[in-house]
Amino acid sequence: MKRTYEDKRPNPGGPDDNSHDERSLNDSGPMPADLFADLEATLDQVAETNPRIDTDDREEAGHTTDLRALLEVSMAINSSLVLDDVLQNVMHKAIEFMKAERGLIMLLDDENRLQTRAAYNLSRDEMLSDDYRISSSVASEVVKTGRSIYTSDAMADERYAAQKSVLELHLRSIMCVPLKVKSQVIGVIYLDNSSETKMFLKSDLYLFELYAQMVSNALHNARIYQSLLHLKKYSDSVVKSSPIGIVVLDSGGHIATINPAALEIFDLNRRDLNLIGDDAASTVFLDVLPSNQKSRWHRMINTVFATGDEFSDARFYHDTGYIEKVLSIKMSPIPQVPGGGDGLVMAIEDVTEKVTMERYVILSEKLVARGEMAASVAHELNNYLSIISNNAELLGLNLQHERYDKAGFNSKSIVENVFKIKRFVDSLMDFSKPEPEYISYDIRHLIDDLLFSLRIQPRFKLVHFTLDLADDLPNVEIDVGQIQQVLMNLLNNAVDAIDQRTTNEDEKEMKREIGITAKYHQSKEQVTVAITDNGIGMNKETADKIFTLHFTTKKGGHGLGLYNCKKIVEGHGGELQVDSALGEGTTFTLTLPRFQPKHD
């Protein structure tokens, strides 16, 4: 079929040649008839290979074919987010789409140098080094200018005709277009043909540039995906190797992430858990906690979800069911978790060893201080006792020899030094009762702290503690050391009462129980702490005298403990009461005001 073909491409160097650098074979003088016949035959062959040059009624069908082809190409190059896969798809589809013989993709590296990332040659399995010579020079120019290069006949193009590779490879058509992301050149895609029947046309270049833009977007997405994948692997590695326990929950409390450190802290096995994204239904965090711990964790988690604020607790006492641990907890809301929706992340550190060491250090310092004080007191008392001893010895001798005036002096000296000892002891008692230092303190922490210290002592190991601490307990203004002294005294007395009851053969196997209840009475702004034991108990007569100075029911007791406890509580503006029944147990109730009166 004969066609007429009008070359509508702009003249080289013409005013409308703005975006593409194009050279065509220029003829000078008339062309012979045979040459016209050969050219028309060649154009017919090219038209069969490239239907886009056909300007008959099938032009619309050709456009539809191009659009369909672009759609298929787009789907193919976007079928993967792995960069190497995308590059291979792009290369093969470019060769297929533009009917080229050779092609390559070159991308700029971090040092702004072009690196070949994909290449293809129809005539052999792989590209050779010679194949890259013409490609590199063209690609460098495209990167430098940011504009496409196109030539329909490289052998007749003065820019490339003299190059050895063009002659050896018999290159005819060349297209090289930039790959751009937001106007920034990231590389080039290059195609060429050596066949006269498969030469590239100007319309091919327009489609190829459109294709290149799609490729640029696909490569950009692949690079972003690759960066995110590397970031995820890095984050997973950090989370996995972190010594801090990390747990991520969704809004329903399901576990999205839990690292090995957190599994160890909570004594959990990863095989027993299903995370969000696993095949089975995801595990709810609260369901894997001991029943006596769920309410406290539920309160903390709900606080974060309800307020949207961070929550932290530097010393949270957690019972795993096997051992009690001291945890430092920080919870923060996060906008999105795997599976969608809001969630929170928990950072949990096991500070049990640290807290224990702090206590040993403090105890050691106290023992050293007490030792030094005891030595000082002993030295002072020895001075007085030496004087008393000497005068007592002389008193006997003087009475024996009837030296009554000297005996009177000895007697007076003894009385004076006994009085000095009494005054010295009184001063020690005053020194041991310093002015209270009130601070706002969490009574729950005080109780947890105290129990953590006592449970490791042999006499408390067999005792089963039951805690009922209200969720709404506020901070209370107290002298922490003094109130801790009161609670410790009451707990020691409770164990003593249990020991007395278990000395009976009938009660020997009795379960040792101590219950601690704390409540807040908002109307009175008071906090009550009740300590209940199932010990020997007391009759009413003993209970009425229990807070009296020097009254005691213990062998070797001095009767100061409960007396001092009552004094400390009353000094705080509170009350200490007892309720007991002989043979049934005892309850001590400590009532403290939330705030201390302000003093000038």
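A few points about this structure:
- For residue 554, a cut-off of 26 angstrom between C-alpha atoms picks up these lysines, skipping any fewer than 8 places away in its own chain: 422, 433, 461, 508, 511, 540, 545, 566, 567.
- Largest-first principal axis extents, alpha carbons of the stretch 439-593, Å: 46, 31, 26
- Net charge dipole, the stretch 482-600: roughly 380 debye, given to the nearest 20, about the Cα centre with Cβ charges of +1 for Lys and Arg and -1 for Asp and Glu.
- Remark: the stretch 100-114, residue by residue, has Karplus-estimated 3J(HN,Hα) of 9, 9, 10, x, 7, 10, 10, 10, 6, 8, 5, 9, 6, 10, 6 Hz, where x stands for each Gly or Pro and the curve is 6.51 cos²θ - 1.76 cosθ + 1.60 at θ = phi - 60°.
- For residue 99, the lysines whose Cα comes closer than 25 Å to its Cα, not counting residues fewer than 8 places off in the same chain, are 2, 8, 164, 180, 198, 202.
- Whole-angstrom gap from the stretch 245-286 to the stretch 498-531, using each part's C-alpha centre: 37 Å
- Farthest toward the positive end of the dipole of the stretch 439-593, out of 502, 565, 488, is the Cα of 502, where the dipole comes from beta carbon charges about the Cα centre.
- Nonlocal amide H pairs with residue 179, under 5 Å, H built at 1.01 Å: 186, 187, 188, 189
Read-outs: derived from the displayed coordinates by stated rules, not from any lab. Please read all numbers here as calculations on a predicted model, not as lab measurements. A quick note on method: Cβ atoms are made from the backbone with ideal geometry, for glycine too, and the neighbour counts reach across all protein chains shown.
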